[in-house]
1. So if each residue of separation counts as 0.36 nm, and I subtract the Cα-Cα distance between Ser162 and Thr108, what length gain in nm does that give?
2. Could you order the peptides 104-112, 125-133, 194-202 from most to least packed, using the average number of other C-beta atoms within 10 Å per residue?
3. Ignoring ligands, DNA and RNA, what percent of the 1.4 Å accessible area of segment 80-189 is carbon and sulfur?
4. Per residue, how much accessible surface does segment 84-280 expose to a 1.4 Å probe? Answer in Å², no decimals.
5. How much net charge surrounds Lys266 when only the other residues with a Cβ under 12 Å from the Cβ of Lys266 are counted, with Lys and Arg +1 and Asp and Glu -1?
6. How fast does segment 84-280 diffuse by Stokes-Einstein, in µm²/s, taking the Kirkwood radius from C-alpha pairs at 37 °C and 0.692 mPa s?
7. Can you work out D for segment 151-220 in µm² s⁻¹ from Stokes-Einstein, where Rh is the Kirkwood radius over C-alpha pairs, the temperature is 20 °C and the viscosity is 1.002 mPa s?
8. Once fully extended, how much extra length lies between Leu21 and Asp169, figured as 0.36 nm per residue of separation less the alpha-carbon to alpha-carbon distance?
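The values are calculated or read from the model by the stated rules, or taken from the named source; none is laboratory data. All figures in this text were calculated on a predicted structure; none of them were measured in a lab. Glycine also receives a Cβ, built like all others from the backbone with ideal geometry; neighbour counts cover every protein chain displayed. Side chains are part of the model used for accessible areas, which takes the heavy atoms of the whole protein and leaves out ligands, DNA and RNA. Shrake-Rupley method; radii C 1.70, N 1.55, O 1.52, S 1.80 Å.
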Amino acid sequence: MTLPGDVPSSHVLTSDPATLLRWYLDAGVDEAIGDQAVDRFTALRTPQLASRLAAESEAAAPPPAPRTHVPARAASAAPAPLSDGGAAHAAQGVRTVDELKAAVEAYTGCGLKQFASRTVFADGNPRARVMFIGEAPGADEDRQGLPFVGVSGKLLDRMLASVGLSRADNAYITNVVFWRPPGNRAPNDEEIASCLPFVTRHIELVDPAVLVFVGGLAAKTLLAKPVGITKLRGRWYDYETPGLARPVPAMALFHPAYLLRSPQQKRYAWRDLLAIKQKLRGGPDAPPED
Ligand code: URA
């Protein structure tokens with residue numbers, strides 16, 4: 001079988017053509033342009049082409065810069081802060097969840113948007129007392145425009161149901177980025193930073209009684225703690241922003257995708273869900289024991 005992209009099928013660790021095609025589709029390859037694979041690296045290796053490219057790059061090279069003294073401190077300066085792509089400005093102006101949704105849909109400052117089919121904003125009841133924030137849309141979410149509708153979403157729904165919650169009634173669900181990262185990779189720092197002002201405003205507008213971060217990435221991002229989910233889950237944090245009248249109690253939960261791979265961890269998720277249920281009922285804090 002001849003595949004686009006010059007990649008022999010043996011390099012993709014599967015012999016199932018349907019899996020392989022899905023892999024290509026997920027990576028953004030949706031068109032085959034030839035019957036024969038072309039090895040462009042070999043084509044580049046002809047001596048004539050190599051010497052032409054060398055001559056061209058020499059001609060295009062800028063003249064050597066005059067030597068300047070760079071003070072040691074400037075040379076080792078911290079990296080420039082990540083840009084939010086204008087999100088803070090756009091998010092500040094909105095007064096309702098619907099306005100926020102429109103602002104996110106109009107926003108072009110996140111690089112993920114160009115690869116995604118749809119904006120995945122939120123699902124559930126925006127007046128719910130509990131707001132769940134996950135990581136990033138996957139392929140199913142990208143197709144349907146709704147968060148957590150794939151396999152891990154089904155498990156999340158069952159987890160919610162076990163403590164009397166559902167998106168149809170009393171739970172609200174979103175993610176830390178609104179567009180699917182290509183190939184289901186994790187969103188990078190820049191992509192997260194470019195959505196964060198919208199996520200913060202989202203929390204302010206929903207103003208939940210309890211916030212739940214689904215998975216390590218959401219917890220790390222919103223608690224601003226560079227620690228893994230195993231350390232973060234199972235205890236209450238105060239989530240604060242200037243736009244919230246009071247700190248919101250927040251809990252981190254293992255991501256359902258992780259629980260599908262590691263079912264033995266479900267007992268911890270169950271404890272955390274019970275603690276969330278108790279908090280929503282206004283009961284005393286009973287931090288789950290590990
Ligand atoms: N995983 C997430 O974190 N969010 C989704 O919307 C789907 C899967």
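1. On the way: separation 54, 0.36 × 54 = 19.44 nm, distance 3.83 nm.
Contour length minus the Cα-Cα distance gives 15.6 nm.
2. Values: 104-112: 17.2, 125-133: 21.2, 194-202: 23.6.
So the peptides 104-112, 125-133, 194-202, ranked by packing, come out 194-202, 125-133, 104-112.
3. Numbers: 2520 of 5070 Å².
Roughly 50 percent of what the probe reaches on segment 80-189 is carbon or sulfur.
4. Details: 8480 Å² over 197 residues.
For segment 84-280, the per-residue accessible area is 43 Å².
5. Details: positive: Arg158, Arg261, Arg267, Arg271; negative: Asp272.
After counting each charged neighbour, the total is +3.
6. Details: Rh = 16.5 Å.
Diffusion coefficient, whole number: 199 µm²/s.
7. Values: Rh = 13.6 Å.
Answer, rounded: 157 µm²/s.
8. Working: separation 148, 0.36 × 148 = 53.28 nm, distance 3.83 nm.
Computed gain between Leu21 and Asp169 is 49.4 nm.
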